[in-house]
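Undergrad: Quick one: the structure is below, questions incoming.
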Amino acid sequence: MTFNGTIVDGGTTYSFNGRLKNKIGHGYSPLDGFGFINAEAAVAAALPTPGVVSRKTHGTAGDFDISLPFNGKAGIECRSGGPGDSYTLVYTFDRPLRTTGTATVTQGSATVSSPAAGQTNPRIGSNPNQVIVNLNNVANAQHLVVTLSGMQDTSGNTLPSVAARMDVLLGDIDASGRVDSTDVFQARQKSLQNANSSNFRTDVDDSGRVDSNDVFITRQQSLTSLP
């Protein structure tokens, strides 16, 4: 079986491809589990294990994710958190989970949100291999680390803790670590466009449309930078 896809890291798109050959046959392998589980994840272009994104809903345009890689340059969240300075992290694993564990802010300034009635935070998402963590009071211009620990898969195995780093810098559309004229220019260039997979970073107010308010917010943040 062959597979291919793309992963977007900041402003850079990386392509990948490969071939899977089943050497397990049928049944169970202590090393790989049931072979079809890993094959299914590969076909669906699942993120590496684990993978984390910052997810925002842009009005009626839908949800758009900023990747938060573990290695290399950190992912920069440039969008507004709204009145509660709220953000959502989505952790994706290669297997379904039974329990979500706990989330802790281990660096930076933020609060793990109190769950809504009848829910938990963290919680398992619509996909059973995803854990969703809601945050509020997230400060701007910081290096934020949120550690997820104590998760268990459906076999009862406890997974290693996962520390997700998200750099927060409102208006840093080009993910340079500094808000400047380039970011303002990009917001102007995309004005009057609906948010989509290629321009959603310019929709800094998450309204679903790039407009003068996005330009204004970005201009107001000019000369701010990450520490």
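Undergrad: Assigning unit charges at the beta carbon (Lys, Arg +1; Asp, Glu -1) and nothing else, what dipole magnitude in debye, to the nearest 20, does the chain show about its Cα centre?
TA: 420 debye
Undergrad: At 7 Å along Cα-to-Cβ for each site, give me the label-to-label distance between Gln119 and Thr147 in nm.
TA: Placing both labels 7 Å along Cα→Cβ, they lie 2.6 nm apart.
Undergrad: Moving to a separate point now. Say each of Gln107 and Asn196 gets a label point 7 Å from the Cα, pointing the same way as Cα to Cβ; how far apart are those two points in nm?
TA: Spacing of the two 7 Å Cα→Cβ label points: 3.7 nm.
Undergrad: Can you compute the helix-only [θ] at 222 nm over the chain? Use -39500 (n - 2.57) per DSSP H run of at least 4 residues, normalise by all residues, nearest 500 deg cm²/dmol.
TA: Helix-only estimate at 222 nm: -3500 deg cm²/dmol.
Undergrad: Still on this structure: Order the peptides 80-89, 104-113 from the highest to the lowest mean number of other Cβ atoms within 10 Å of their residues. Could the numbers behind the result be given before it?
TA: Working: 80-89: 17.4, 104-113: 15.7.
Top of the packing list down: 80-89, 104-113.
A short reminder: the numbers here are calculations on the coordinates, not readings from a lab. What you see is a predicted model, and the numbers here were worked out from it, not measured in a lab. Neighbour counts are summed over all protein chains in view; Cβ atoms, including those assigned to glycine, are modelled from backbone coordinates with ideal geometry.
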